[in-house]
1. Rounded to the nearest 0.05, what FRET efficiency do residue 125 and residue 27 give with R0 = 35 Å and r taken as the Cβ-Cβ distance? Could you check?
2. Determine the shape class of segment 1-66: with a ≥ b ≥ c the square roots of the Cα gyration tensor eigenvalues, call it rounded for a/c under 1.5, and otherwise prolate if a/b is greater than b/c, oblate otherwise.
3. Gain in length, residue 144 to residue 40, computed as 0.36 nm per residue apart minus the alpha-carbon separation, to one decimal in nm?
């Protein structure tokens, strides 16, 4: 929990956009870890397993008919509390799930495209394509708002 809890919580929040649901996914992920008690080859393998379980639990929650969405709160974990970083988080949160998950893992968890592919069970080229499309969507959103930054 101490090593990967924050990463799991952030990933779950990026999917669900609800703090309580994200905390439930974190708890359910840890329960799965205790129930299955898998043996891991390395710390990286353990992190990959936990993030994949959390992502699958999030996808299951998103399928439920009683899902509710809320806006990102002011205290959402961001690198900075600037208006730009919160606007970026809002924009990332508005992306479809398959793009939001790769953006979160790549930029917030510092995972490589190979690691993301392993976490999600997708091909590495598919991950790169999703990242490219997500960046294009974000760029378009910020251009429309007149807040485009060349760093995107």
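1. Working: r = 34 Å, r/R0 = 0.98.
E between residue 125 and residue 27, to the nearest 0.05, is 0.55.
2. Values: a/c = 2.14, a/b = 1.74, b/c = 1.23.
Note, shape of segment 1-66 comes out prolate.
3. On the way: separation 104, 0.36 × 104 = 37.44 nm, distance 4.61 nm.
Separation in residues times 0.36 nm, less the Cα-Cα distance, equals 32.8 nm.
Every number here is computed from the coordinates shown, using simple stated rules; none is lab data. Here the structure is a predicted model, which means the values were calculated and not measured. Cβ atoms come from the backbone with ideal geometry, glycine included; neighbour counts cover every protein chain shown.
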